[in-house]
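The values are calculated or read from the model by the stated rules, or taken from the named source; none is laboratory data. Values in this document were obtained by computation on a predicted structure and should not be read as measured data. Please note: Cβ atoms are built from the backbone with ideal geometry, for glycine as well, and neighbour counts cover all protein chains shown. The protein model used for the area step is the full one, side chains on, heavy atoms only, and it has no ligands, DNA or RNA in it. Shrake-Rupley method; radii C 1.70, N 1.55, O 1.52, S 1.80 Å.
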Amino acid sequence: MSRSRRLLFALLVLMLLLGGYLYLTISQDEEPPPAVSERFDLVSVALEDLEAIEALREDGDRLVIQRQNGSWTMPVPWQDELDQSRLQLVARISSLLFADRRLDAESAALEDFGLKPPRAVVRFSIRNDRDVVLEIGSEAPSKTKRYIRIRGEKFLYTIDVSQTAQFFWEVEDFRKSTVATIIPEDLQYLRIRKKDEVIELVPVDSLPREPVQSVFTSLAMVLPYGPRGIDAHELEMLMEKLPSALTIQEFVEDDPVELAPYGLDFPDFSVHLRDNTKELSFTVGDRDSAGNYYARFKGETRVVSLAASDLSILEADSFLLMQKFPLIIGIDRISGFTVDHKDRSFTARIERVFADGKDEEEEHYFLEENEVKEKPFKALYQNLIGITGDAPNRGEAAEADPELSITYKLIQGPVPEVSVSFVPVDRDFYAAYTDDGESLFLVSARQIKTALTSLYSLVEE
């Protein structure tokens, strides 16, 4: 290497070293990075000292929450519908707002952070202290933070979106969106009106007189059939479909001029339920585009929408709910009965006498004037009253004469005796008719055969 080349190389190295020295010197003299990460309290106040929160959004909507007589409220016409739990949640979150990162606003263009103008300006009124005003900007790229600053200060911060979400809620979001229903096991009354029928269940002890049919449940069906007992298991399954609270999907209209657009002028359904402490009553109209039902609650003018999944109770089936005995009479209510099968007739009776020195009656059972034992007699009676409907009679007219008739002689009641007749419809089914000429059920031939077998077996003993 020539002398001139060595000098040039040395000069280059010297320049590089000098440049590194200057860079390190200048770097040590600069300010720290503009972002600092730690906790920065924006609002920190005892909840009881927070008196009001007012949020004015960029779109002009205003949200005002204020303390009044110890409770939180809003200036809305539906005060009784305010969701206190939501109001308290907003107040609790607002009493302690903190940022997790600070930036120098002087080195930032505010419009780049959604702060010129701000997305929302929130004023916090604090008892015995000055108001705090926060300006809320746009979301950070992560979508988990928002930019925010205290009005009048040079710094801007990032804050978790969960702390600011409530300032962008609509006023309607503070409306109670649930309606409590009833306690199913405490059901005292049910009335469901559908297009083609009305189902009504009432307490047995509210009936004006003892029904002809024996009812072994606390509720009795009076519509569309009755009064008669109900199937407790079917009722339990129906009530299990009723949620503990109905969730309002949308507040559609507060004071509609017309109900026809919602199908509520002549609603398809109405529901009225009552337990020991409260009632639930509402009407149901058409469905909206989302498949929800328009509805109105008793005593309210507003129209709301309810999810179809919350209204499975509208699927109530009267045939499934009712006790499916064509005629059932408790044995303690009769003095005897007669069974007519084709051209033969059989008479049974029960004698009840007080034995010497005893407070309770003794019962003696007779079939065709022959005394029989209690167990086979009651087994026969159970086979007769236990005949149940296998299917509803949808208008199957029976032209033939009854093949089997059972007449029960009542000890007391509105009539001295009641009867049920079974008329063959085809080879497999009989239509069961009661004294009013009505046939609600089709009964399988198998059940009739079982009852007759039990009768003839006891007669022939």
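Take every pair of alpha-carbon atoms less than 8 Å apart whose residues are at least six positions apart; their mean separation over the length of the range 335-461 yields a relative contact order of 23 percent. Summarising the label geometry, the points placed 7 Å from Cα in the beta-carbon direction at residue 209 and residue 80 lie 4.2 nm from one another. Think of each Lys and Arg Cβ as +1 and each Asp and Glu Cβ as -1; about the Cα centre, that makes the dipole of the range 121-162 roughly 40 debye.
Partner lysines whose Cα lies under 25 Å from the Cα of residue 145, excluding those fewer than 8 positions away in the same chain, are identified as 116, 154. Per-residue ellipticity at 222 nm computed for the chain from its helices equals -5500 deg cm²/dmol, with DSSP H segments shorter than 4 residues left out and the rest contributing -39,500 (n - 2.57). The HN-Hα couplings worked out from phi for the range 329-344 by the Karplus form 6.51 cos²θ - 1.76 cosθ + 1.60 (θ = phi - 60°) are 10, x, 4, 6, 9, 10, 9, x, 7, 10, 10, 10, 10, 6, 9, 10 Hz, whole numbers, x standing for Gly and Pro. In this structure, the amide hydrogen of residue 264, modeled 1.01 Å from its nitrogen in the peptide plane, lies closer than 5 angstrom to those of 286, counting only residues at least 5 positions away or on a different chain. Annotation: amide H-H contacts under 5 Å for residue 245 (H modelled 1.01 Å from N, sequence separation of 5 or more, or interchain): 181.
Placing unit charges on the Cβ atoms only, positive for Lys and Arg and negative for Asp and Glu, gives the range 47-184 a dipole magnitude near 220 debye about its Cα centre. For the chain, the longest principal axis of the C-alpha atoms and the axis of helix 445-459 are separated by about 40°. When peptides 297-308, 250-261 are sorted by average Cβ neighbour count within 10 Å, with the highest value leading, the order is 297-308, 250-261.
Can you tell me the orientation of helix 374-385 relative to the chain, as the angle in degrees between its alpha-carbon axis and the longest Cα principal axis, to the nearest 10? It is inclined by approximately 70 degrees. Considering only 142, 432, 313, and ranking their Cα positions along the charge dipole of the chain that arises from unit charges at the beta-carbon of Lys, Arg, Asp and Glu, the one farthest toward the positive end is 142. Rounded, prolate or oblate, given the Cα gyration tensor of the range 406-460, with a/c below 1.5 counting as rounded? Oblate, since a/c reaches 1.5 and b/c is not below a/b. The calculated FRET efficiency for the pair residue 233 and residue 71, based on their C-beta separation and a Förster distance of 56 Å, comes to about 0.80.
The slack in the chain from residue 438 to residue 189, taken as 0.36 nm per residue of separation less the alpha-carbon distance, amounts to 87.0 nm. Going by a ≥ b ≥ c, the root eigenvalues of the Cα gyration tensor, does the range 77-119 fall in the rounded group (a/c under 1.5), the prolate group (a/b larger than b/c) or the oblate group? Taking the square roots of the gyration eigenvalues as a ≥ b ≥ c, the range 77-119 is oblate.
Taking the longest Cα principal axis of the chain as reference, the axis of helix 3-29 is set at about 60 degrees. Pairs exceeding a 23 Å alpha-carbon distance, out of 378/449; 324/373; 373/409: 324/373. Measuring nothing but how far apart in sequence close Cα pairs (under 8 Å, 6+ apart) lie, relative to its length, the range 148-297 scores a relative contact order of 23 percent. Computed from label points 7 Å out along Cα-Cβ, the spacing between residue 44 and residue 363 is 8.1 nm. Along the range 242-259 the Karplus relation, 6.51 cos²θ - 1.76 cosθ + 1.60 evaluated at θ = phi - 60°, assigns HN-Hα couplings of 7, x, 5, 8, 8, 9, 6, 7, 7, 8, 6, 7, 6, 10, x, 6, 10, 9 Hz to successive residues, with x for each Gly and Pro. Here the simple spin-label model places points 7 Å from the Cα toward Cβ, and for residue 371 and residue 320 these points are separated by 5.0 nm. Scanning residues 5 or more positions from residue 217 or on other chains, those with amide H under 5 Å from its amide H are 230, with H placed 1.01 Å from N in the peptide plane. When the charge dipole of the range 180-297 is built from unit charges on Cβ atoms (+1 for Lys and Arg, -1 for Asp and Glu) and taken about the Cα centre, the candidate among 290, 249, 219 whose Cα reaches farthest toward its positive end is 219.
Placing unit charges on the Cβ atoms of the charged side chains and taking the dipole of the chain about its Cα centre, the candidate lying farthest along the positive direction among 451, 263, 412 is 263. Here the Karplus curve 6.51 cos²θ - 1.76 cosθ + 1.60, taken at θ = phi - 60°, turns the phi angles of the range 78-92 into couplings of 10, 4, 5, 9, 5, 8, 4, 5, 6, 4, 5, 4, 4, 5, 5 Hz, with x standing for Gly and Pro. When 169, 78 are compared by accessible area of protein heavy atoms, the largest-first order is 169, 78, using a 1.4 Å probe.
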